[in-house]
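First comes the structure, then the notes that go with it.
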Amino acid sequence: MMRFKGKKNFFKSSVRSSAKFFNRTPVRTFLLYPVLIVGWEALFRSGRLEVTPAYIVLMVIGYLLYKVSTTYRVTRGEGGPGEKWEKEPPRLITTGPYAFTRNPVYLGHIIFMLGLALTLQSLSAAILAVVIGVTFHRRILKDEKRLAAVFGQQYFDYKSQVRWWIPGIL
């Protein structure tokens, strides 16, 4: 009986670990969603994918923007790589990619997803990119309240100079 219980605990632990892994936003955006979209499109189009290779550049740019921005924030701001704050950040990051857009990490995700949609000519991926954009915008609104509470006028000054998404536009 003990042997079975050990296997059961191992299975539960494996399922929890897998769920935790796939619940991470970068894993979903850069791994899970592309695999699901490719599978869906292949199924929907009877195994024939329409691929426009030129748009793969957008996917690469999106991923690199995400990766560079996350690394920059973690090394300069001493914060964690994810959206959840385990502790308040000791400083506001306003340089590097954060000098051009307040949300370069999220923007990287969206550019990647738009690149995926265009590469595969996929309406499903385009819809998913919009849903992700709306979800991120909601996160941003929460983040901005927290940043304003922590950094006060410094954050308001930064916010007045740097746009949410697209430098100088939006």
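The values are calculated or read from the model by the stated rules, or taken from the named source; none is laboratory data. It should be emphasised that the depicted structure is a prediction, and the values quoted were computed from it without experimental measurement. All Cβ positions, even for glycine, are placed from backbone atoms using ideal geometry, and neighbour counts span all protein chains on display.
Within the stretch 126-137, is there a residue that is in contact (Cβ under 8 Å) with a residue 12 or more places away in the chain and hydroxyl-bearing (Ser, Thr, Tyr)? No, the conditions are met nowhere in the stretch 126-137. Considering only residues in the stretch 63-99 that are small (Gly, Ala, Ser) and modelled with pLDDT under 85, the one that is surrounded by the most Cβ atoms within 10 Å (Cβ to Cβ) turns out to be 79. Can you spot a residue in the stretch 100-108 that is over 19 Å from the mean Cα position of the chain (by Cα), farther than 15 Å from residue 28 by Cα and either surrounded by fewer than 21 Cβ atoms within 10 Å (Cβ to Cβ) or modelled with pLDDT under 95 (or both)? No.
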